[in-house]
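Quick notes on the structure that follows.
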Amino acid sequence: MEVDKMDENDWKYHGEGNKSLVVSHVQLSRVLRLLKYPAEDSENPPQTAEQAFRQIQNIVDFSSNVMSRFLGQKFIHSGEVVKLPLEFVRQLSIKVQHQRPAWRCDKVMDIYSGCALCLPNLTSPALPQPTHTAPLCIEIKPKCGFLPSSKHVSKDIKTKVCRFCMHQHYKVASGKWKRRSLYCPLDLFSGNRQRMHFAIRHLIEEPQNNFKIFKGGQCVYSSKEGSDDSVDLNSLLHHLRPYLLHGNNRINGHVSNKAVLHDFIQVLVNALMGGGGVGADRRGEGRSFCEASAFNRERIRHGSQGLPSEGVLFRILQTQMLDTLDIEGLYPLYRRVEQYLHDFPKERSRLQIDGPYNEAFLEKLQKCPSEDDGSVDYAAAKVHQYRVAMTAKDCSIMVALVPRSEGEDDEGQRWLRDLISSRTPAFSYSVSILDLDPKPFESIPSQLRLDQKIVSCYLRTGGALP
Ligand code: ATP
Ligand code: MG
Ligand code: MG
């Protein structure tokens, strides 16, 4: 990709989140991730081009030097910062505008800095050899998979009902979503196949912003925010059916919708469980049940295998658990740092509050003493740990699946790992983690406020909602 010969016609709208807009190349397996900022600032960018460059470089550094140490290099593609011609970015923003969902248009794409993050397109992976069937990619934003056990937690409900399930009530009460999702992250992270299956079924039924499916790089299944319509399961089945016709679950030559969906979820559970090292996380069972989960514990027929220690879910959960104090225990430490920076503003760079996210940052966070010695260094290290955990609670997993043709030779190909079980068809898969931006230091007070709002809303309405 030559940045001085960029043509907006080679790029198309791919998707967006709260912080960035993503366009994909029409031929190459590449995406550009551009920053967004509030529409009311559209005439006045909130930062200079240099600052935008620094911000994106920080994202790359945080992902490659910090998050990859916790999550495992093999899952992470940190990408690189690119400087693009301003005219190209302007044309691109005009081109994609009409494809953007209305509810995301409270923010505009940054057209002033010319900076972007260039990443491999994980929904249209470059395959070692051409395949007959387009890859199927499933994006899951799993959110927080454990209940806090910190002594600083002031409301008992937080140790019983998980944050995601409580947040669902708040989102419905505030009108963000029409229906509550019955997905519970504690089920997904349980390492029990039945619970994981149940969790994924509910992600499919109410995807919100936690679940998307891409076919050949195109999003074919997702939620429309604010819309009354429920998702179109029939259209999903139409897409999935050709991939799942080879299971041994035919009745008179016909595979039922139920069987297609069941096998699809099974393949996904297998991919999420893959990774070698068995049963490292058996604590899952028993302690990690969310009282709001719709999963009936009495239905468990098989013991938990536990999450494999090299698998993607275990790595994400471990990283999320760097939040040992809960926001309630962390906030006073944040205040200690804040007060100190108020008195000694120059210390901000020594404490690496805004990066650089390098080895020294990692060391600060890893060498944190287990007891609070009252120092600002202790407080800063806990804040750093909390921020890493926040990123792990907000990241997405991308599972790319390619059907395997009979007798395919997978020798030496990273891509090809067997997913054959007696019931499910054979797929090769690859798992990645995306969206690993550092969360700003300044966002911590709003985390505390949000936590309080969610808990009080749940206590007010929780049992009452259907
Ligand atoms: P959030 O609101 O979740 O924090 P964000 O603004 O940080 O989102 P991303 O999640 O990184 O943005 O990107 C938005 C969407 O673009 C993703 O959900 C995913 O569907 C798509 N996307 C991002 N990076 C890639 C990639 N490397 N390959 C393919 N698709 C991608
Ligand atoms: Mg995201
Ligand atoms: Mg993000």
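Among residues belonging to segment 284-327 that are open to solvent by 70 Å² or more (accessible area, probe 1.4 Å) and modelled with pLDDT of 85 or more, point out the one that is nearest to the chain's Cα centre (by Cα).
Ranking the candidates gives Gln318 first.
Return the residues of segment 26-37 that are within 22 Å of the chain's Cα centre (by Cα) and more than 11 Å from ligand 1 (Cβ to nearest atom); say none if nothing qualifies.
Within segment 26-37, just Tyr37 meets the criteria.
Name the strands (runs of 3 or more DSSP E) wholly within segment 89-156 that hold at least 3 residues that are out of contact with any Ser or Thr (no Cβ under 7 Å at 6 or more places or on another chain) and within 16 Å of ligand 1 (Cβ to nearest atom)? Before you say what the answer is, go through the steps one by one.
Working: elements: 107-109, 115-120, 136-140.
Passing ranges, in order: 115-120.
Report, ordered by the first and then the second residue, all pairs with beta carbons closer than 8 Å, sequence separation of six or more or different chains, a first member in segment 91-102 that is open to solvent by less than 90 Å² (accessible area, probe 1.4 Å), and a second member that is part of a helix (DSSP H, G or I).
The qualifying pairs are Gln91/Glu8; Leu92/Glu8; Lys95/Glu8.
What do you reckon, is Val22 within 16 Å of ligand 2 (Cβ to nearest atom), part of a strand (DSSP E or B) and without any contact (Cβ under 8 Å) to a residue 24 or more places away in the chain?
yes
Residues Leu330, Leu351, Leu365: which one is outside the structural domain of Pro148 (by TED's automatic domain parsing), open to solvent by less than 10 Å² (accessible area, probe 1.4 Å) and modelled with pLDDT under 95?
Unique residue meeting the criteria: Leu365.
Counting just the residues of segment 1-18 that are surrounded by fewer than 17 Cβ atoms within 10 Å (Cβ to Cβ) and part of a loop (DSSP other than H, G, I, E, B), which one comes out nearest to ligand 1 (Cβ to nearest atom)?
Only one residue tops the list, namely Asn18.
Restricting to segment 32-52, give me the number of residues that are in a helix (DSSP H, G or I) and crowded, with 17+ Cβ neighbours inside 10 Å. First the steps, then the outcome.
From segment 32-52, those in a helix (DSSP H, G or I) are 39-41, 49-52; that's our starting set.
Now narrow it down to the ones that are crowded, with 17+ Cβ neighbours inside 10 Å: 52.
The qualifying residues number 1.
If we scan segment 263-283, do we find a residue that is among the basic types (Lys, Arg) and at pLDDT 65 or above? Step through it out loud before you land on a result.
Residues of segment 263-283 that are among the basic types (Lys, Arg), as a first pass: 282-283.
Filter once more, keeping what is at pLDDT 65 or above: none.
Looking through segment 263-283, none of the residues is among the basic types (Lys, Arg) and at pLDDT 65 or above.
Looking only at segment 179-196, decide whether some residue is part of a loop (DSSP other than H, G, I, E, B), closer than 20 Å to Leu330 by Cβ and in contact with a Cys (Cβ under 9 Å, 6 or more places away or on another chain).
Narrowing segment 179-196 to residues part of a loop (DSSP other than H, G, I, E, B): 179-184, 189-192.
Add one more test, that the residue is closer than 20 Å to Leu330 by Cβ, and what stays is none.
Among the residues of segment 179-196, not one is part of a loop (DSSP other than H, G, I, E, B), closer than 20 Å to Leu330 by Cβ and in contact with a Cys (Cβ under 9 Å, 6 or more places away or on another chain), which makes the answer no.
Looking only at segment 25-49, count how many residues are in contact with a strand residue (DSSP E or B) (Cβ under 9 Å, 6 or more places away or on another chain) and more than 16 Å from ligand 2 (Cβ to nearest atom).
Step one: of segment 25-49, the residues in contact with a strand residue (DSSP E or B) (Cβ under 9 Å, 6 or more places away or on another chain) are 25-26, 29-39, 41-42, 45-47, 49.
Of the ones still in play, those that are also more than 16 Å from ligand 2 (Cβ to nearest atom) are 25-26, 29-30, 37-39, 41-42, 45-47, 49.
Adding up the residues that qualify gives 13.
Quickly run through segment 53-71 and pick out the residues that are among the charged types (D, E, K, R) and open to solvent by 50 Å² or more (accessible area, probe 1.4 Å).
So in segment 53-71, the residues among the charged types (D, E, K, R) come out as 54, 61, 69.
Within segment 53-71, Arg54, Arg69 qualify.
So for segment 453-462 (the condition being at pLDDT below 95, in a loop (DSSP other than H, G, I, E, B), at negative phi and in contact with a helix residue (DSSP H, G or I) (Cβ under 9 Å, 6 or more places away or on another chain)), does at least one residue qualify?
Yes: segment 453-462 contains one or more residues that are at pLDDT below 95, in a loop (DSSP other than H, G, I, E, B), at negative phi and in contact with a helix residue (DSSP H, G or I) (Cβ under 9 Å, 6 or more places away or on another chain).
Take the conditions assigned to a loop (DSSP other than H, G, I, E, B), open to solvent by less than 20 Å² (accessible area, probe 1.4 Å) and either within 16 Å of ligand 1 (Cβ to nearest atom) or in the same structural domain as Gln218 (by TED's automatic domain parsing) (or both) and apply them to Val161. Does it pass? Even if it seems obvious, please write down each step before you answer.
On the way: assigned to a loop (DSSP other than H, G, I, E, B): yes; open to solvent by less than 20 Å² (accessible area, probe 1.4 Å): yes; either within 16 Å of ligand 1 (Cβ to nearest atom) or in the same structural domain as Gln218 (by TED's automatic domain parsing) (or both): yes.
The answer is yes for Val161.
Please go through segment 72-88 and pick out each residue that is assigned to a helix (DSSP H, G or I) and either hydrophobic (A, V, I, L, M, F, W, C) or open to solvent by less than 90 Å² (accessible area, probe 1.4 Å) (or both). Walk me through it before giving the result.
Quick first cut of segment 72-88, residues assigned to a helix (DSSP H, G or I) only: 73-75, 86-88.
Selection gives Phe75, Leu86, Phe88.
Only one of these conditions is not met by Leu119: (1) within 16 Å of ligand 2 (Cβ to nearest atom); (2) out of contact with any Gly (no Cβ under 8 Å at 6 or more places or on another chain). Which number is it?
(2)
The values are calculated or read from the model by the stated rules, or taken from the named source; none is laboratory data. Just so it is clear, the structure is predicted and the values come from calculations on it, not from any experiment. Don't worry about glycine lacking a Cβ; one is built from the backbone with ideal geometry, like all the others, and counts go over all protein chains shown. Quick note on the areas: whole protein, heavy atoms, side chains included, nothing else; ligands and nucleic acids left out. Shrake-Rupley method; radii C 1.70, N 1.55, O 1.52, S 1.80 Å.
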